[in-house]
Structure formats: C-alpha cells, structure tokens
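Asker: Sharing a structure here in structure tokens format.
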Amino acid sequence: MQVRKLKEEIKNLKMQCAKADIQAIETAMMKLPLNQRLCVKTCFEAAKANGKHGVRYTTDWIYEYLLLRIKSKKVYNHLRRHNLMALPSADTLNNYMKTIKGCYGFQESTFRLLKEKMLKMELSDVRGALLLDEMKLSKAVAFNPSNLKVNGFTNLGQFTENNKKKKRGDHALVFMFQPFKGKWVQALGCFLSLGSASGTILNKLVTECIILVENTGFKIDVVSSDGASWNRNMWNKFGVTITQP
C-alpha cells in the first residue's frame, strides 16, 4: 500500500516538473520575436513526434517555409538535410500547393478574406491605393490535369470576347491594393490578354475592382498606372485629363 502511494506521489511530482518546464519555456519564448517563437515551438513539437511522419505543422509554419522553398530550393534542402530546422518534406509542401488554385479574374475568396481582415483593423488603416500594371509573356498553352482545362488562352473575366476561335494570351494584367499604413499588399486579380488590354476594357475592370474592394470595407483613394497609351485612353474614358485631374 505504501509502495503504491509513493509511486503515485512520484508520478505527480514528475507531472508538476513537466508543467514547470513548459511554463519556463513559454515564459522565455515570449521575449522572442513572433517568427522565432514559431520556430522554437515547432522544434519542440517535432521532438515529441514518433518519427518524421508524426510531425504536425501549423499553417503559418507551412506558408513561411513554402515561400523559402520558392525563393531557394538549395537553401531549403540544406536546412532540412542537416536538421537545422524542423521542415516538412517536398511532398507535404506540394500537397499544400495543390490546394492553392491559381486562376484569372477577380476571385470571390480574395474579397471575402479582405472583408474578414478589415473587421480586425482600425478605420485609419483601411485606406489605400489601387495599382495596375501589365507585363509581356511568352505565348503558351498547357493542360491542367487537376481541373481538366487548358490554360493560356485570353481571359478578361466577364469582359472576355466570346469568339469561337480562342486566342493565346501574351500579356498579364495585375491589380493590387496597397494601404497607406502598414507593410502588407494584396494582389486582387490577374487577367490574360492578347496584346495590352484596351482602354475600354481597363475602364470596366478598374470600375469593377473598386466596387469589389470597397464592398469589403477598404477604401481606394488613389488609382495608379504608368503612362502607356492604353492607360491614357482609360483615363480619358473616366474624364481625367492633364487639365482636369
């Protein structure tokens, strides 16, 4: 009876010690920057796992090192191979990538997340600028086995021409929101055109984009573009000129 009682006491003492160690670690971690806290926490979680396949990573950790692998596979593989960080395998990252569906147009999910973000922000932080720019691409088409569609044909959202003969796009048009306060930016939509999008199309897309952004609670006070002829044509359609800004 006494032996059993002593065993129970030892067990309780071990549990108290374990809790004390965790509290001490968490207290020390609070002094670290957020990303370093995430790093230390992930390393401890990996140490508890039964083998490499038992590790569970947070979404923040996955996305942080997904960006690292995109920037440099060599650095990522070096960190993982030498166990300098508790990093997921390439297969795990690829599985996460498959859930991110890149597509043209303004996506409802983007503006839904912006609306959620706005609810946690101060009113002074929601004002910003809408930026638009284009870049030249090489013409190419590719079959996507995940959705059984062919990518590479022109796509201007609801303003795409409904021609029977599809045209391969060679210009990407991107819209982005940049707040006046804060260091974050948000891509709002991407479109594919043959040649630069006309001033008429740009006029319609900018109008649609402003409506979608302001419906989320964010405010666009500035629209910025370069001085290309198609952009000047867009401004003329808005009634904006050098003498009438």
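Values quoted throughout were computed directly from the atomic coordinates according to the rules given, and no laboratory measurement underlies them. This is a predicted model, so every value here is computed, not measured. Quick reminder, even Gly has a Cβ in these numbers, built from the backbone with ideal geometry, and neighbours come from all protein chains shown.
Asker: Label 7 Å along Cα→Cβ of residue 240; the stretch 201-222 residues with amide nitrogen under 17 Å?
Answerer: 201-214, 219-222
Asker: Related question: Read phi for every residue in the stretch 217-222 and hand back ³J(HN,Hα) as whole Hz from Karplus 6.51 cos²θ - 1.76 cosθ + 1.60, θ = phi - 60°, with x for Gly and Pro.
Answerer: x, 6, 10, 9, 9, 9
Asker: Evaluate E = 1/(1 + (r/R0)^6) for residue 97 and residue 172, where r is the Cβ-Cβ distance and R0 equals 25 Å; express this FRET efficiency to the nearest 0.05.
Answerer: Between residue 97 and residue 172 the formula returns 0.80.
Asker: Counting DSSP beta bridges in the chain, what percent are antiparallel, to the nearest 5?
Answerer: Of all bridge pairs located within the chain, approximately 80 percent are antiparallel.
Asker: Still on this model: For the chain, what is one quarter of the convex hull surface built on the Cα atoms, given in nm²?
Answerer: Averaging across all directions leaves 21.1 nm² for the Cα convex hull.
Asker: Now for a different question. Filter the cross-link list 115/183; 120/183; 115/136; 73/98 down to pairs whose alpha-carbon distance in this structure exceeds 23 Å.
Answerer: On the way: 115/183 18 Å; 120/183 16 Å; 115/136 32 Å; 73/98 18 Å.
Over 23 Å apart, Cα to Cα: 115/136.
Asker: So for the pair residue 147, residue 90, with labels modelled 7 Å out along Cα→Cβ, what separation do we get in nm?
Answerer: 2.6
Asker: Between the alpha-carbon centers of the stretch 68-107 and the stretch 184-245, tell me the distance in whole angstrom.
Answerer: Computed from Cα coordinates, the inter-centre distance equals 33 Å.
Asker: Once you put a point 7 Å from the Cα of residue 81 and another 7 Å from the Cα of residue 137, both along the Cβ direction, what distance in nm separates them?
Answerer: Reported label-point gap for residue 81 and residue 137 is 3.4 nm.
Asker: If I take R0 = 35 Å and measure r between the Cβ atoms of residue 187 and residue 27 in this structure, what FRET efficiency does the formula 1/(1 + (r/R0)^6) give, to the nearest 0.05?
Answerer: Computed FRET efficiency for residue 187 and residue 27 comes out at 0.35.
Asker: What nm value, rounded to one decimal, do you get for the distance between residue 123 and residue 12 when each label is placed 7 Å out toward the C-beta?
Answerer: In this crude spin-label approximation the distance works out to 5.6 nm.
Asker: So what is the orientation-averaged projected area of the stretch 105-238, using the convex hull of its C-alpha atoms, in nm²? Please report the intermediate quantities before stating the final value.
Answerer: Numbers: hull surface 37.2 nm².
Taking the Cα atoms of the stretch 105-238, their convex hull projects to 9.3 nm² on average.
Asker: Run the helix sum for the chain: -39,500 (n - 2.57) per DSSP H stretch of 4+ residues, divided by residue count, reported at 222 nm to the nearest 500 deg cm²/dmol.
Answerer: That calculation yields -14500 deg cm²/dmol at 222 nm.
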